[in-house]
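Take a look at the structure below.
The values are calculated or read from the model by the stated rules, or taken from the named source; none is laboratory data. Please read these numbers as outputs of a predicted model, since none were measured by experiment. Neighbour counts run over all protein chains shown; Cβ positions are idealised from the backbone, glycine included. Surface accessibility is based on the protein's heavy atoms, side chains included, excluding ligands, DNA and RNA. Shrake-Rupley method; radii C 1.70, N 1.55, O 1.52, S 1.80 Å.
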Amino acid sequence: MTNNNMIFIANWKMHGNLKDISKVNLVLKFINQKKFKKNKVIYCPPYTLLNTFNHKFKNTKILIGAQNCHDHADYGPFTGSISTKLIRNSGAKFVILGHSENRTEGETDHIINKKITSALNNNLKVIFCVGESLREKRKKITSNVLRRQISKGLNKIKSFKNIIIAYEPVWSIGTGIVPKQYEIEKNIQTIKKTISRLKKKSNTKILYGGSVNPNNASEISKIRELDGFLIGGASLNPKKFIDIIKKSSN
Ligand code: PGA
């Protein structure tokens with residue numbers, strides 16, 4: 001069922017120059033016009049734009065997030081790295097962690113767990129990405145992969161209140177290929193069951209990410225128990241991003 005509580009997260013990845021900032025004006029106007037709830041649209045630009053976005057979205061309904069962090073929670077001698085403490089200081093309220101593009105660069109479940117711990121300790125909300133690769137899907141081990149990623153990633157995390165899970169099949173990211181509705185439903189169920197095994201009373205929100213666009217948003221948003229989208233490529237285009245929001249929230 002489509003609804004007005006859907007969350008839309010724009011993951012700009014390694015895109016976005018100062019001149020691109022005006023692109024978000026249209027989105028801002030749309031969100032303000034419509035009786036849109038606060039905190040349902042979150043922009044995650046590269047680190048270099050966090051502060052600028054923070055000023056731009058001050059007193060608006062849009063929040064901002066970072067796309068990754070170092071696993072050391074504090075300040076320290078880590079050239080080129082950004083800690084959750086620095087992210088928090090930029091005005092961001094969220095951080096995307098466990099994205100497959102970082103997992104393939106060598107990020108392990110253990111490192112992701114350290115990053116999640118650090119983010120929560122610094123009062124950031126975590127958008128925790130999980131999902132199977134094409135190889136894992138073909139080997140029919142998707143459920144095992146999801147269970148492993150979640151239980152290791154959330155190991156020793158006391159409360160899941162500030163965690164949102166994004167189910168992102170790796171083979172769907174940036175490919176234009178989207179899983180069948182029943183596949184998404186089944187994998188959301190696995191995620192839900194794993195979460196409730198770890199914490200009985202958790203009401204963790206689950207998003208879908210992977211080639212979401214204006215043509216498929218309406219269909220995917222009908223999936224029961226889906227709370228929103230993590231959107232890469234299409235979020236760079238304000239018209240497409242607005243279209244996705246429109247098609248999924250009525
Ligand atoms: P995509 O990316 O929408 O371009 O497939 C999604 C993501 O990687 O978060």
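Annotations
Residue by residue, here is whether (1) at pLDDT 95 or above; (2) within 16 Å of the ligand (Cβ to nearest atom); (3) in contact with a Phe, Trp or Tyr (Cβ under 8 Å, 6 or more places away or on another chain) holds:
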| position | (1), (2), (3) |
| --- | --- |
| 3 | no, no, no |
| 10 | yes, yes, yes |
| 58 | no, no, no |
| 69 | yes, no, no |
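- Single unsatisfied condition, residue 19 versus (1) modelled with pLDDT of 95 or more; (2) over 24 Å from residue 248 (Cβ atoms): (1)
- Filtering region 31-50 to residues that are in a helix (DSSP H, G or I), under 21 Å from the mean Cα position of the chain (by Cα) and modelled with pLDDT under 95 leaves only 31.
- Conditions (1) surrounded by 13 or more Cβ atoms within 10 Å (Cβ to Cβ); (2) touching a residue at least 12 places away in the same chain (Cβ under 8 Å); number of the one not met by residue 110: (1)
- Of all residue pairs spaced 6 or more apart or on separate chains, those with beta-carbon atoms under 9 Å, a first member in region 188-217 that is in contact (Cβ under 8 Å) with a residue 24 or more places away in the chain and among the charged types (D, E, K, R) and a second member that is surrounded by 16 or more Cβ atoms within 10 Å (Cβ to Cβ) and assigned to a loop (DSSP other than H, G, I, E, B) are 192/204; 199/154; 199/157; 199/160; 205/227.
- In region 31-50, the residue that is farthest from residue 126 (Cα to Cα) out of those that are touching a residue at least 24 places away in the same chain (Cβ under 8 Å) and surrounded by fewer than 18 Cβ atoms within 10 Å (Cβ to Cβ) is 32.
- Qualifying residue in region 144-160 (condition: under 16 Å from residue 129 (Cα atoms) and within 16 Å of the ligand (Cβ to nearest atom)): yes
- With respect to (1) of a type outside the set (A, V, I, L, M); (2) under 21 Å from residue 217 (Cβ atoms); (3) over 15 Å from the mean Cα position of the chain (by Cα); (4) within 16 Å of the ligand (Cβ to nearest atom), the lone exception for residue 205 is condition (3).
- Any hit, region 165-176, residues being without any contact (Cβ under 8 Å) to a residue 24 or more places away in the chain and either under 21 Å from residue 125 (Cβ atoms) or not basic (Lys, Arg) (or both): no
- Residue in region 219-226 that is within 23 Å of residue 126 (Cα to Cα), without any contact (Cβ under 8 Å) to a residue 60 or more places away in the chain and touching a Lys or Arg at 6+ places or on another chain (Cβ under 8 Å) present: yes
- Flag for residue 59 being on the phi < 0 side of the Ramachandran plot and not in a strand (DSSP E or B): no
- Restricting region 117-134 to residues that are of a type outside the set (Gly, Ala, Ser) and more than 21 Å from residue 190 (Cα to Cα), the residue that is nearest to the chain's Cα centre (by Cα) is 125.
- Verdict on residue 135 being within 16 Å of the ligand (Cβ to nearest atom) and basic (Lys, Arg): no
- Test: residue in region 55-65 that is buried (at least 18 other Cβ atoms within 10 Å of the Cβ) and in contact with a His (Cβ under 9 Å, 6 or more places away or on another chain): no
- Unique residue being part of a loop (DSSP other than H, G, I, E, B) and either among the hydroxyl-bearing types (Ser, Thr, Tyr) or farther than 22 Å from residue 168 by Cα (or both) when the list is 81, 22: 81
- Qualifying residues in region 89-103 (those that are within 17 Å of the chain's Cα centre (by Cα) and away from the ligand (no atom under 16 Å from the Cβ)) - the one most open to solvent (accessible area, probe 1.4 Å): 93
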